[in-house]
Amino acid sequence: MNVKVDVVAGFLGSGKTTLINSILKRRSLSQERVVVVQCEQGEEALEERVLVSQSIFCFQYGKEKPLTARSLADIIKKYQPDRVIVELNGMSGMDEVYEVLEDKFLRKSCRLNSVTCLLDCSTFDIYVNNLGTNFIHQISECDMAILNRSGNISGEKFDNIKRTIKAINKSCELLTVDTPEDYESAVEDGILPGIREKGTYKIIDKFLTVTFVAVFGYLIFSIYRALGSNTLELDFSGLQMMNTVFASILIQAFPFILIGVFVSSILQIFLKEESIVRFFPKNKMVSFAAAVLSGVIFPVCDCAIIPVAARLVKKGVPLPAAVTFMLSAPIVNPIVIASTVYAFPGDPSVAFYRVCLGLAVALSVGLFVLLYPERGSVILYGLDKFSCKCGYCNTEEYANRRGLRRVEAVFKHAGAEFFDVGKFLIAGAFISAMVQVMLPKEWMGEFSKGSVLPLVTMMIAAFVLSVCSTSDAFIARSFTTQFSMGSVMGFMVLGPMIDIKNLLMLFGIYKKRFVIKLVFIIFGFSFAILYFFSNLLL
Amino acid sequence: MQQIKLWALNMDAVLRMVILVGFALFFFDIVFTEKAQLYVHPRIIPYVKFSIAAFIMIALFLMGDVFKTRRKTNLLPYLIFIIPLIAAFFIPARPMESKDISAVGINISQKLSSNLTAMDEEMRPLEDESMMAPETEDTVEEAVDDAKQTPIPKPEKIAMDEKTFLTWLEELYSKPEEYMGTKIEIKGFVFRQKDLGKDQFITARFMMSCCTADAQAVGLLCKYEGTSKLKSDTWLKVTGRLGKTMYGGQQVPFINVEKIEKTDKPQNEYVYPY
């Protein structure tokens, strides 16, 4: 027995029942036995025509009579359906369905075939801002999000909704319809997941492919190795060297990134946003000083700072101060300073210069934003709710936890953040190892001549490599064999402020125009200040 | 029903645990087989141990999530973690060879000085009355700390081994004239560079300031008639007398080679400053 379970989620009036009707009409053509489980009584009812069919059975659940594993199991045993469609209210979380399906019997007999999330464009903003976590969780778990009543809102707003959904769930499909009545045609076209079979075995397929490729690759590798150097002159020593360099960067950067994610998790779990906001005085000038200081007191690295800064702006901290905070915190962070001192042993002046130059750039950019203020809001709406994508903070219950449960939350959050941030570090370390071993050194030499080119090269490298500021000093250290200290300083000052991974995050939070402007100002000021530094002071 | 119900497991949690434990094992392996020294400076090792503990702790806390179903699993981000892990286990660490850096060349004078002068400044406050020339094994530990202070009593013969290599190098480069004519014994590998004369080579060792990524060759210039017969990267024990010469626009010490012996590769080819 293999019962497919399709979940249709959405708020009252989002058109769930209409969608199910459309699916059933189409379904009734085929020979499937279908059970519909409604966890909500909506305005619409299942159509008579559908209900009289011999193979469709409908059951209603609600607040007084919640859906339990037992009752679902009984239904399945009794009616032996091919498919169960669960209509889920937007207020209830996906966890409720999961809990039910985790039942021993149901686990054996069912598989979750699809999750469809219905969203009403005209009320999307209100829901996202006020209903928070369950709603977001539904979106994050769905295979397809259907946006209906798209005609009611402006194009820009619609784009924002789309972007928000993509930010929550990268891999879901989006379908846009004007009215719930359009479902029928969509179902007829075979677009809806209820029709098209979307296997949940995709995961294992992918995994097997990956494993297979890896094993096969290793096989070829060992054959080559066995044949030895006389048949095929393959030089693996370069690869080996690259891997050694790559691993060595990771080995020394991981401890610092771990310390970083632990500190940030502790802040996230134990410190309320309000206490950070209270820290910023309303006076613009004083708030600059606070911005710089708070970087020391709230040590977040560049990977975690952007959502924090955005939250500050929303809570009423002046934008220039928030920008200064965003740019300076990753550099004045004590962990970053410590790792810089470690990366350049015996030369604490490097860390000192890094902090000073970083502050100079951060303050200049902040002042620039103060003197040439932005018109209107620079922040896209409603994104703070899921600024933390770790999936643990999303649930409000975590905030109310005490004692050991909080410790657990810290570790889980740290783990999630490690994976979130670590991939950029690994990619950065990989590119940097490749550059070191593969690129002809004469080539690098070309870029390290003069005073402008090496600085620009290092700044671009910092931007591209996107290494977390808690560990970038180690990567910067490796460049000192080829580049002057002044240009390596460019790497360490610019990297924490702006890089590819931060740019991606910025675009998700701020308006495009502001982000582009900000990037240009940061690059401009960094270059000017560092050029001045390396030519006149070093 | 033999199908595996993968969705019943939280693949996110499973993969995360596998990766965390994998890294912990890899770190554990390199720390306890002392392979770690091929990757990083020994002073990083306590931090590596911390990472092992942190990885294991996070993995333990994740265990509770394994049976909590979450359907959406995007494999790609985890692949980024798995690839270096597999590579780290299957591709053993290789010590550097001169060809890995030959093109960049050892900046024997400038780079070394700037590196070691920095250390010089830091060491100075640790001034100590009891100073000894780094001659015997017993005094070596102290010597690393103290050798920076002036003046070092001029020894009869300078012996540069693992522990005294960098200390002496710095001393010789900072005042080549003072040691003119002193007998010296040095162990290192043959390193060649384009701008060297036909009878010149460098007895070098790799210095790791932090990790393999920043390893660079450092050493002493040698003048030897039979240079052409020497193979790059062979390990030698070179004995000779010190002199000074111009190289790269600077006064540098060099060895007038008297005797060359082939020797085995030392267990750890790197030398670590500080």
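The values are calculated or read from the model by the stated rules, or taken from the named source; none is laboratory data. Quantities reported herein were computed from a predicted structural model and do not represent experimental measurements. Every residue, glycine as well, gets a Cβ built from its backbone with ideal geometry; the counts of neighbours run over all protein chains shown. Remember, those area values only see protein heavy atoms, side chains included, never the ligands or the DNA or RNA. Shrake-Rupley method; radii C 1.70, N 1.55, O 1.52, S 1.80 Å.
Per-residue mean of foreign Cβ neighbours for B:203-213 is 6 (Cβ atoms of other chains, 10 Å radius).
When the C-alpha to C-alpha distance is required to be over 19 Å, the pairs from A:Lys501/B:Lys49; A:Lys4/A:Lys170; B:Lys194/B:Lys265; B:Lys187/B:Lys265; B:Lys187/B:Lys259 that qualify are A:Lys501/B:Lys49; A:Lys4/A:Lys170; B:Lys194/B:Lys265. Using a loss threshold of 40 Å², tell me which positions in region B:42-66 are less accessible in the complex than in their chain alone. Probe radius 1.4 Å, ligands and nucleic acids ignored. Output list: B:Arg43, B:Ile44, B:Tyr47, B:Phe50, B:Phe55, B:Ile58, B:Phe61, B:Asp65.
Residues of region A:334-367 whose accessible area, computed with a 1.4 Å probe over protein heavy atoms, drops by at least 40 Å² once all protein chains are present relative to their chain alone are A:Tyr342, A:Pro345, A:Gly346.
What FRET efficiency would be calculated for the residue pair A:Thr123, A:Val286, taking the C-beta separation as r and a Förster radius of 60 Å, to the nearest 0.05? With a Förster radius of 60 Å, E is 0.90. Ligands, DNA and RNA excluded, the heavy atoms of A:Arg33 present near 90 Å² of accessible surface to a 1.4 Å solvent probe.
Exceedance of the 29 Å cut-off in Cα-Cα distance is limited, within the set B:Lys157/B:Lys198; A:Lys412/A:Lys512; A:Lys449/B:Lys237; A:Lys449/A:Lys512; B:Lys35/B:Lys163, to A:Lys412/A:Lys512; A:Lys449/B:Lys237; A:Lys449/A:Lys512. Do any residues of region A:250-267 lose at least 10 Å² of accessible area when the full set of protein chains is present rather than just their chain alone, and if so which, with a 1.4 Å probe? Those residues are A:Leu250, A:Ile251, A:Gln252, A:Phe254, A:Pro255, A:Phe256, A:Leu258, A:Ile259, A:Phe262. Put simply, when A:109-117, A:212-220, A:457-465 are sorted by average Cβ atoms within 10 angstrom per residue, most first, you get A:109-117, A:457-465, A:212-220. Between chains A and B, what is the buried accessible area summed over both chains (1.4 Å probe, protein heavy atoms, nearest 100 Å²)? Chains A and B together bury roughly 6800 Å² of accessible area. If the chain linking A:Val215 and A:Leu174 were pulled fully straight, counting 0.36 nm for each residue of separation and taking away their Cα-Cα distance, it would gain 11.1 nm. Using a probe of 1.4 angstrom and keeping all protein chains present, the accessible surface of region B:6-90 works out to 42 square angstrom per residue. With both labels modelled 7 Å from their Cα along Cα-to-Cβ, the B:Lys175 to B:Phe50 distance reads 4.0 nm. Per residue of peptide A:409-418, the mean number of Cβ atoms on other chains within 10 Å of the residue Cβ is 5.
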